[in-house]
1. For the range 217-233, state whether one or more residues are among the charged types (D, E, K, R), assigned by TED's automatic domain parsing to the domain that holds LEU85 and over 27 Å from ILE156 (Cα atoms).
2. Between residues in the range 21-42 that are not assigned by TED's automatic domain parsing to the domain that holds ALA225 and residues that are modelled with pLDDT under 90 and away from the ligand (no atom under 14 Å from the Cβ), which pairs lie under 7 Å by C-beta distance while being six or more apart or on different chains?
3. Inspect all residues belonging to the range 129-141 and state whether any of them is outside any loop (DSSP other than H, G, I, E, B), in contact with a Gly (Cβ under 6 Å, 6 or more places away or on another chain) and buried (at least 24 other Cβ atoms within 10 Å of the Cβ).
4. What helices (runs of 4 or more DSSP H) completely inside the range 188-266 contain at least 2 residues that are at negative phi and surrounded by 17 or more Cβ atoms within 10 Å (Cβ to Cβ)?
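The values are calculated or read from the model by the stated rules, or taken from the named source; none is laboratory data. Because the structure is a prediction, the values reported are computed rather than measured. Neighbour counts run over all protein chains shown; Cβ positions are idealised from the backbone, glycine included.
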Amino acid sequence: MAWFRKAQYRMLPTPSVESRVPDGLCAKCPRCGVIHLTRDYHENLRVCSKCQHHDKLTVQERMKQTLDPKTFVETNADLAPADPLHFVDIIPYSERILKYQRQTGMKDAVVTGHGEIKGVEVSLAFMNFAFVAASMGSVVGEKITRAFEYSLEHRIPTVVFCTSGGARMQEGILSLMQMAKTSALVGCLKDAKLPYINVLTDPTTAGVMASFASLGDLTIAEPSALIGFAGPRVIEQTIRQVLPKGFQRSEFVQDHGFVDMIVPRKKMRDTLGSVLAMLTHRAPVEVVSEQG
Ligand SMILES: [Zn+2]
């Protein structure tokens, strides 16, 4: 065993406690890879100061940035998905749901309720991509529908922050029927002359995009968000053509008449406040959000 005792490799010194980087101190931009101090990144609302990429937010972060403090009241928080098809992919759907519930602290991929933006009362929905890619199953569809119904009942506008990878295939037709259900309610809002604003964030695609996310009276998008039905890779493989640069990003979609405004995150609250005040014939109220 002489070879084992022979010093073939020189051990690197263990870094001192002071020189170790604490967990969570830095955050990496998922687009350009630049490293930011987490504190600065959060102060900049998770927008990369180098490439202006708008990173995904949690529902709580989105609320803090958008709403008047202490005005949000959550509704239908207890609605949780069932597993009507007893669907098994690699793991059973019911187990997958439990895992996401533990990870996010949410029952499903959307939080709904009502609150105020610059003093204007609105019905609200916030989708969370971290929960099964914010796919729309029966609970997401039902909660969005009830948010629209709340708007109808109280005659207030609706604002939905959209993000989604599509329909929740594990719920089969029960998932797909949510597209028709939510779209029908948007029709009711239009009949009642109640404004509906949808804010498209990265990414908003597939079944959600083909239903309530594309039916707003005003469609706002965050910069450079992926917006479309099928993703660019699927389209390229289907039509066997190279797609143009920036295809399906907010700016491209706006150029083609599908998005009304592109609003950077820092200006989102002010923009929504002004638009809502205009639509409800009131003067905007100067209220500072929790995030300034
Ligand atoms: Zn970046």
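1. Step one: list which residues in the range 217-233 are among the charged types (D, E, K, R), which gives 217, 222, 233.
Applying the additional criterion that residues be assigned by TED's automatic domain parsing to the domain that holds LEU85 yields 217, 222, 233.
Subsequent filtering for residues that are over 27 Å from ILE156 (Cα atoms) retains 233.
Yes, the conditions are met somewhere in the range 217-233.
2. Note: pairs meeting the criteria are LEU37/LEU25; THR38/GLY24; THR38/LEU25.
3. Of the range 129-141, the ones outside any loop (DSSP other than H, G, I, E, B) are 132-134, 136, 138-141.
Then drop every residue that is not in contact with a Gly (Cβ under 6 Å, 6 or more places away or on another chain), which leaves 133, 136.
Next cut, buried (at least 24 other Cβ atoms within 10 Å of the Cβ) only: 136.
Yes, that holds for at least one residue.
4. Values: elements: 206-209, 232-239, 250-255.
Ranges flagged: 206-209, 250-255.
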